[in-house]
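J.: Right, I'll just put the structure down here and ask away after.
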Amino acid sequence: MAEKSFKVAVLPGDGIGPEVMTEALKVLAAIEDKYSVSFDKTMANVGGAGIDKEGKALPETTIDICKSSDAILFGSVGGPKWETLPPDEQPERGALLPLRKIFGLFCNLRPAIIFPALTGSSSLKESVIEGGFNILVVRELTGGIYFSEPKGIEEVDGVRRGFDTMLYTEPEIERITRVAFDVARKRGNKVCSIDKANVLSTSVVWRDVVVLSDEAAMLTGSLGMLPSASLAEGSFGMYEPSGGSAPDIAGQGIANPIAQILSAAMMLRYSFSMNDAADAVEAAVEKVLTDGYRTGDIYQGTDSEKKVNTCEMGDAIVAAL
Ligand code: NAD
């Protein structure tokens with residue numbers, strides 16, 4: 001009998017989402033065996049899959065399943081098939097933004113760690129990253145230009161234009177800044193603030209936030225390596241790869257499942273307080289990389305590398321666990 005049990009809403013989404021999710025679920029099954037825990041998983045539609053099967057990017061049934069869960073494990077949403085829908089109905093705007101709002105997911109954590117075996121895949125020179133790096137991007141998620149009103153598309157004097165509003169309140173700034181400094185205290189005691197205070201009024205009010213994320217993908221070698229956590233107050237969170245649904249490689253079984261698997265590890269750490277299990281998953285990922293396993297996005301063609309597909313990478317990580 002498992003000692004602990006957690007409810008997980010599993011939302012694979014579109015494109016490579018379901019492919020990499022399958023591998024993350026294998027890893028969670030291995031964690032159940034090893035740590036006497038059980039994950040009560042409920043699958044739900046989201047994004048294009050939600051539109052196709054239930055008529056909405058974020059169906060009510062999915063919201064209910066998420067509300068009755070301890071955490072959400074999310075794949076990715078979007079793809080060319082749904083890009084002609086009105087913007088508010090499209091997978092990202094219709095699913096991701098409401099999920100952030102409904103669950104108060106104000107804090108996005110995006111670790112960018114270079115694994116020693118992958119220094120050759122980084123956009124930085126090996127001499128620069130000797131000794132590795134470990135960056136944690138902390139990003140505010142429920143304010144700013146994605147959410148502030150008014151926004152829209154209008155026609156004025158026969159000219160069509162789009163507009164957004166960027167607004168941050170002091171309490172929003174304080175809340176995310178506190179997270180950044182709390183996290184920094186447990187790491188290297190450093191917070192790097194990047195803003196545009198010479199131009200933007202919001203940046204003048206808010207100089208204390210770190211706002212770099214996609215840039216980190218190139219530093220770690222691939223988007224397929226970057227997990228993320230979106231946290232609410234308390235232990236609830238949503239965990240997903242930083243990349244998208246990668247329609248260019250979807251359906252081929254070649255996507256890198258590591259971002260999804262490391263997202264599951266973040267869920268173990270931040271929502272379930274299972275630090276040992278999270279450490280074990282991260283160590284297993286590091287081991288398979290050191291052993292030379294590479295999906296296409298991180299493969300460089302050297303003799304020490306073994307090119308594998310999505311499923312083989314998942315199996316190797318489970319075996320290392
Ligand atoms: P993308 O992240 O899907 O892909 C960018 C590049 O990275 C592609 O070449 C892709 O093949 C590669 N890539 C991404 N993840 C990978 C993985 N796990 N393994 C190997 N390679 C990987 O970004 P895009 O092409 O700009 O967007 C594609 C779709 O995804 C769009 O519909 C977009 O709206 C959506 N999107 C969704 C999310 C999300 O669900 N959170 C985030 C970003 C983009």
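J.: Under 30 Å Cα to Cα from Lys190, which lysines show up? Leave out anything in the same chain fewer than 8 places away.
T.: Here the lysines satisfying the reach criterion relative to Lys190 are Lys101, Lys125, Lys287.
J.: Where does helix 310-320 land angle-wise versus the long Cα axis of the chain, in degrees 0 to 90, nearest 10?
T.: That helix lies at roughly 60 degrees to the long axis.
J.: Related question: Given a 1.4 Å probe and every protein chain left where it sits, what share in percent of the accessible area of the stretch 32-178 is carbon and sulfur? Show your work: numbers first, answer last.
T.: Values: 3910 of 7720 Å².
That share works out to 51 percent.
J.: With runs of 4+ DSSP H residues as the only contributors, calculate the mean residue ellipticity of the chain at 222 nm using -39,500 (n - 2.57) per run, divided by the residue total and rounded to the nearest 500. Could the numbers behind the result be given before it?
T.: On the way: 12 runs with 116 residues, N = 321.
After summing the helix terms and dividing by residue count, I get -10500 deg cm²/dmol.
J.: Oh, and also: Rounded to a whole number, what % of the accessible area of the stretch 244-321 do carbon and sulfur atoms account for, probe 1.4 Å? Let's see the in-between values first.
T.: Values: 1470 of 3180 Å².
Here it works out to 46 percent.
J.: Give me the extension gain from Asp279 to Lys306: residue separation times 0.36 nm, minus the current Cα-Cα distance, reported in nm with one decimal.
T.: Working it through step by step, the gained length comes to 7.3 nm.
J.: Test of understanding: what is the full-extension gain from Asp164 to Arg187, defined as 0.36 nm times their sequence separation minus their Cα-Cα distance? List each step's numbers first, then the result.
T.: Details: separation 23, 0.36 × 23 = 8.28 nm, distance 3.57 nm.
Length gained between Asp164 and Arg187: 4.7 nm.
J.: Could I ask something else about it? Roughly how compact is the chain, stated as its Cα Rg over 2.2 N^0.38 Å to two decimals? The partial results should precede the final answer.
T.: On the way: Rg = 19.8 Å, N = 321, 2.2 N^0.38 = 19.7 Å.
Its radius of gyration relative to the 2.2 N^0.38 Å reference: 1.01.
J.: May I ask for the net charge around Arg269, where only other residues with Cβ less than 10 Å from the Cβ of Arg269 are counted and Lys, Arg are +1 while Asp, Glu are -1? Kindly include the intermediate steps, with their values, before the conclusion.
T.: Working: positive: none; negative: Asp276, Asp279, Glu282.
Spelling it out: positives minus negatives among the neighbours equals -3.
J.: Then there is this: How tilted is helix 17-35 with respect to the longest principal axis of the chain? Cα atoms for both, answer in degrees (0 to 90, nearest 10).
T.: It is inclined by approximately 50 degrees.
J.: Taking a probe of 1.4 Å, how large is the accessible area per residue of the stretch 1-134, in Å²? If you can, show how the numbers build up before the last one.
T.: Working: 6050 Å² over 134 residues.
Normalised by residue count, the accessible surface of the stretch 1-134 is 45 Å².
The values are calculated or read from the model by the stated rules, or taken from the named source; none is laboratory data. In this text, all values refer to a predicted model and were calculated from it rather than measured experimentally. Here Cβ is always computed from backbone atoms with ideal geometry, including for glycine, and neighbour counts include all displayed protein chains. Accessible surface is based on the protein model in full, side chains and every heavy atom, while ligands, DNA and RNA are left aside. Shrake-Rupley method; radii C 1.70, N 1.55, O 1.52, S 1.80 Å.
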